[in-house]
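Accompanying notes for the structure given below.
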Amino acid sequence: MCGIVGYIGPRNVKDVVVGGLAKLEYRGYDSAGVAALADGNIRIVKAVGRLSNLEEKLAEMPISGHIAIGHTRWATHGKPSDENAHPHQDCSGRFAIVHNGIVENYLSLREELMALGHEFRSETDTEVVAHLIEEMYNGDLFETMIAVGKRIRGAYALVVMAKDHPDEIVAVRRASPMIIGLGEKENFVASDIPAILEYTRDIYVMEDGEMAVLRRDGVECFTMDGEPVKKDVYHVTWDAVSAERGGYPHFMLKEIHEQPRAVRDTLRGRVSDDLSRVELPELGLQDEDIQAIDRIHIVACGTSWHAGLVGKAAIEAFARIPVNVEIASEYRYSDPIVTDRTLVIAITQSGETADTLAAMREMKKRGVRVVAITNVVGSSAAREADSTIITWAGPEIAVASTKAYTTQLVALYLLAVRFGLSRGTLAEEKAREVLAALDDLPQVVEQVLDTAPQIESFAKRYKDAHDTFFIGRGIDYAVSLEGALKLKEISYIHAEAYAAGELKHGTLALITDGVPVIALAMQPELYEKTLSNIVEVKARGAFVLGLTWVGNEDLEKTVDEVIYLPKTMPLLAPVAAVIPLQLLAYYAAVARGNDVDKPRNLAKSVTVE
Ligand code: F6R
């Protein structure tokens, strides 16, 4: 996730573009850069690190002109560095581009362009687009971009300017967000509304597969085949502060709602078109390596550890490899039994959690192969692991992790299928079924978000509860742990998760009249057993909110309230089931007047042991 801004008009381009980037820093801040066209030359200034570094450079190397583009980067291909910072250029320096997204076929394009003599200066996927434009340029920038669009695969919001076209910017959108800001004798393009809100409230929301040509006196929109498109002007009524959160009152709610996109991005390019194979070349493991693994240790903390518990179920089911899920802070001191056939999977959103890094380092010292699942390219975990699977959730700002968790689950499911296919423990037909269900998950998540009003009403009624219990069996229990953590973390209501069948061994003593119990019944095979446990808490007076799949009306006979979630493959149900629990924590915290995005005593990245 990166942020892009483009401007054409009479204002000071540096102020507009850098000011816009400052509003998009939430999208990433590994590096930033601007390109401006003045006196027939494109001048580029870039700096690694936060935008302030770019501003310092710009104080010494000012830019001017009436047309400029800028970028704030969340590193994907290539480490954070000056060379990898955008804007990127072709060999001749005639074109400059900024990009948000991923060009999936960049390696083959890069080889092709290198064979044609193009010289690359960065490790990015973006730079291939600059060279491709140079290669395909026919004197018309708009037409060239139509042709270029047919050669690149993946997700992208691209903004291009050219030396020979001092009065136009071309913008292309496929899958990555983009809006156009409409002004008087000036126009803007950006990844998100806050970037331009200071100057205009009239925008076009670019749809997937659309492109635009921006001139000072107007904006024309087209399909990617060059057919004109008539766009409606959307008038933004939010204030600037809520615009930074996409109109949501808190980053947490915004991030909860981003999950369909985050899940889709994490799957993108990793499942073959015919839904038969998982493509994870970054894993760096061949079939023989996977067949040699005889035990997996998943190490992680907090929410990431909860994702690991679901990962264990998936890997054991599909690949039949025994998996231990270890709390990182305990693991490293437990003298774990590992051999050269052990694989360690470290899960960490930030890639900087001290306990997880320490566990990884200990295992590397012992010669064990470590795969990291992380959300941050260039993080310590990504750099130190033998190989890394990135979750494409985009920057998570709220302290309480939401979209990182669901994308970690997706990464683990992909690994489990990949391992199962390599080991021959997962039949091809079953793999197709799982991959088709994974492919459906973004829509499932979308539907689950519709339960928000029901959850909000429940949260308001139970906001003063002292204790809450989350129960479930199997992976429903794993999701219960995550639900309880979320509730504690931001609402400060005491919550405990229990394996439903374990309640009667002690905890049932705490269930009295009106105690809220959130019961997960998402696993048809375990449904009857779970139901018996729900009956046990009901008999002690609990108020039970049940979660189950659409069509299982039976639950209504026993519980006080039911939330129905779309039916998916039971093993994938945690992706759906966790969302009402995230929303419950959110709405309870709001109802109690808490600082949702920055809960007391907690930090986003825990870099101490
Ligand atoms: C809870 C939460 C934490 C983190 C934990 C590990 O909402 O965010 O429990 O999951 O601190 O952090 P990462 O995944 O960055 O290693």
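The values are calculated or read from the model by the stated rules, or taken from the named source; none is laboratory data. What you see is a predicted model, and the numbers here were worked out from it, not measured in a lab. Quick reminder, even Gly has a Cβ in these numbers, built from the backbone with ideal geometry, and neighbours come from all protein chains shown. For the accessible areas, the whole protein counts, side chains as well, though only heavy atoms, and no ligand, DNA or RNA atoms are used. Shrake-Rupley method; radii C 1.70, N 1.55, O 1.52, S 1.80 Å.
Within the stretch 474-511, work out how many residues are in a helix (DSSP H, G or I) and of a type in the set (Gly, Ala, Ser).
8
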Subject >> Pairs, first at positive phi and free of Cβ contacts under 8 Å to residues at least 60 places away in the same chain in the stretch 522-544, second open to solvent by less than 60 Å² (accessible area, probe 1.4 Å) and of a type in the set (A, V, I, L, M, F, W, C), C-beta under 9 Å, six or more apart >> reply: 541/511; 541/515
Subject >> One residue from 265, 274, 289 being away from the ligand (no atom under 16 Å from the Cβ) and assigned to a loop (DSSP other than H, G, I, E, B) >> reply: 274
**OP:** Kindly indicate the residue of the stretch 310-333 that is within 16 Å of the ligand (Cβ to nearest atom) and touching a Pro at 6+ places or on another chain (Cβ under 8 Å) and also farthest from residue 435 (Cα to Cα) among those meeting that condition.
**Re:** 326
Subject >> Count of residues meeting criterion [open to solvent by 10 Å² or more (accessible area, probe 1.4 Å), of a type in the set (Phe, Trp, Tyr) and assigned to a helix (DSSP H, G or I)] in the stretch 438-473 >> reply: 0
Subject >> Hits in the stretch 393-437 - residues which are away from the ligand (no atom under 16 Å from the Cβ) and closer than 25 Å to residue 27 by Cβ >> reply: 414
Subject >> Exclusive hit being modelled with pLDDT of 95 or more and open to solvent by 10 Å² or more (accessible area, probe 1.4 Å), set 509, 499 >> reply: 499
Original post:
How many residues does the stretch 104-128 hold that are among the basic types (Lys, Arg) and within 18 Å of residue 282 (Cβ to Cβ)?
Top reply: 1
Original post:
Quick check: anything in the stretch 449-471 modelled with pLDDT of 95 or more, within 17 Å of residue 303 (Cβ to Cβ), within 16 Å of the ligand (Cβ to nearest atom) and under 24 Å from the mean Cα position of the chain (by Cα)?
Top reply: no
Subject >> Hits in the stretch 374-384 (condition: more than 13 Å from the ligand (Cβ to nearest atom) and either assigned to a loop (DSSP other than H, G, I, E, B) or among the acidic types (Asp, Glu) (or both)) >> reply: 377, 378, 384
Original post:
Looking only at strands (runs of 3 or more DSSP E) that fall completely inside the stretch 162-246, which ones have 1 or more residues that are open to solvent by 30 Å² or more (accessible area, probe 1.4 Å) and at pLDDT below 95?
Top reply: 165-174, 202-205
Subject >> Residue that is farthest from the chain's Cα centre (by Cα), among those in the stretch 251-271 that are at pLDDT 95 or above and more than 20 Å from residue 447 (Cβ to Cβ) >> reply: 271
**OP:** Identify all residues within the stretch 535-554 that are of a type outside the set (Val, Ile, Thr), open to solvent by less than 10 Å² (accessible area, probe 1.4 Å) and touching a Leu at 6+ places or on another chain (Cβ under 8 Å); write none if there are none.
**Re:** 546, 547
Subject >> Count of the stretch 386-422 residues which are hydrophobic (A, V, I, L, M, F, W, C), assigned to a helix (DSSP H, G or I) and open to solvent by 10 Å² or more (accessible area, probe 1.4 Å) >> reply: 1
Original post:
Only one of (1) in a helix (DSSP H, G or I); (2) open to solvent by 10 Å² or more (accessible area, probe 1.4 Å); (3) within 16 Å of the ligand (Cβ to nearest atom) is not met by residue 307, so which one is it?
Top reply: (2)
Original post:
Wholly within the stretch 1-85, which strands (runs of 3 or more DSSP E) include no fewer than the required count, namely at least 3 residues that are among the hydrophobic types (A, V, I, L, M, F, W, C) and open to solvent by less than 10 Å² (accessible area, probe 1.4 Å)?
Top reply: 3-8, 31-38, 67-73
Subject >> Residue check for residue 296: more than 16 Å from the ligand (Cβ to nearest atom), assigned to a strand (DSSP E or B), in contact with a Ser or Thr (Cβ under 8 Å, 6 or more places away or on another chain) and in contact (Cβ under 8 Å) with a residue 12 or more places away in the chain >> reply: yes
**OP:** Test each condition in (1) crowded, with 22+ Cβ neighbours inside 10 Å; (2) hydrophobic (A, V, I, L, M, F, W, C); (3) assigned to a helix (DSSP H, G or I) for residue 343 and report the one that comes out false.
**Re:** (3)
Original post:
If you take the residues in the stretch 356-373 that are of a type in the set (Lys, Arg) and not in a helix (DSSP H, G or I), which one is farthest from the ligand (Cβ to nearest atom)?
Top reply: 366
Original post:
Right, residue 603: under 23 Å from residue 306 (Cβ atoms), small (Gly, Ala, Ser) and within 14 Å of the ligand (Cβ to nearest atom) or not?
Top reply: yes
Original post:
Restricting attention to the stretch 526-541, does a residue exist that is among the aliphatic types (A, V, I, L, M) and farther than 22 Å from residue 507 by Cβ?
Top reply: no
**OP:** Under 8 Å between Cβ atoms, at least 6 apart or on separate chains: pull out the pairs that start in the stretch 342-355 with a residue that is closer than 14 Å to residue 326 by Cβ and end on any residue that is within 7 Å of the ligand (Cβ to nearest atom) and open to solvent by 20 Å² or more (accessible area, probe 1.4 Å).
**Re:** 348/301; 353/301; 353/605; 353/606; 355/301; 355/606
**OP:** Kindly indicate whether any position in the stretch 90-97 is open to solvent by 30 Å² or more (accessible area, probe 1.4 Å) and without any contact (Cβ under 8 Å) to a residue 60 or more places away in the chain.
**Re:** yes
